[in-house]
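**Student:** Structure incoming, see below.
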């Protein structure tokens, strides 16, 4: 009789706390966030720090010139010709997770700023000032995402892109100057996505890009065409919203 009574009580009892704990654990883990198949990513980012090396070997008016410029700054340096001074850069990111590990997408970046440009031909040196610098940079990318811990994803990036920039001297400048730059770029990167929730992450990316800059500069009445090798190291900080998938 006692056995029959215990059996009835067990049959009428609510689900065990073990089942409830598994549901709670599942909810907690999903809240911490991860990248799922089918996720759509929309993000904003900006340049924190950059270091640029620009090297060129040109011939102007029959005189061969060589230059090497090293720049660093908060934001983005090296847009256009060898320029002393930085630009503020911000951008948008859109991506799609084909699998939890593979993401494809692109960055669109805009930059504004100014600085100084020094042109050396033989023993002559001419300096020009720019206050209206603008550039746009389009970068399709491939990401391999690796889940390190539940809220943390390690990102390996490969990107190609195209950069266009132009700069003009101020209207009251002593020396009139103009620049135009076109450049294909490519390079690797590594970064972290830290998920604050299952739909939002803070993103840090470290990139190296190599660019072949084709540049035309006009300083007063002197026009110079140059091919410049650009090496750009850059840190970006951003935030992303993740939608779709299993979100």
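**Student:** Note the full-extension length gain between residue 227 and residue 202 as 0.36 nm times their separation in residues minus their Cα-Cα distance, in nm to one decimal.
**Tutor:** Numbers: separation 25, 0.36 × 25 = 9.00 nm, distance 3.72 nm.
The span from residue 227 to residue 202 would gain 5.3 nm if fully extended.
**Student:** Taking other Cβ within 10 Å of each residue's Cβ, how do 236, 180 sort, fewest first?
**Tutor:** Neighbour counts put them in this order, fewest first: 180, 236.
A short reminder: the numbers here are calculations on the coordinates, not readings from a lab. The model shown is predicted, which means the values in this text are computed figures rather than measured ones. In this analysis, Cβ positions are derived from the backbone assuming ideal geometry, glycine residues included, and neighbour counts consider all displayed protein chains.
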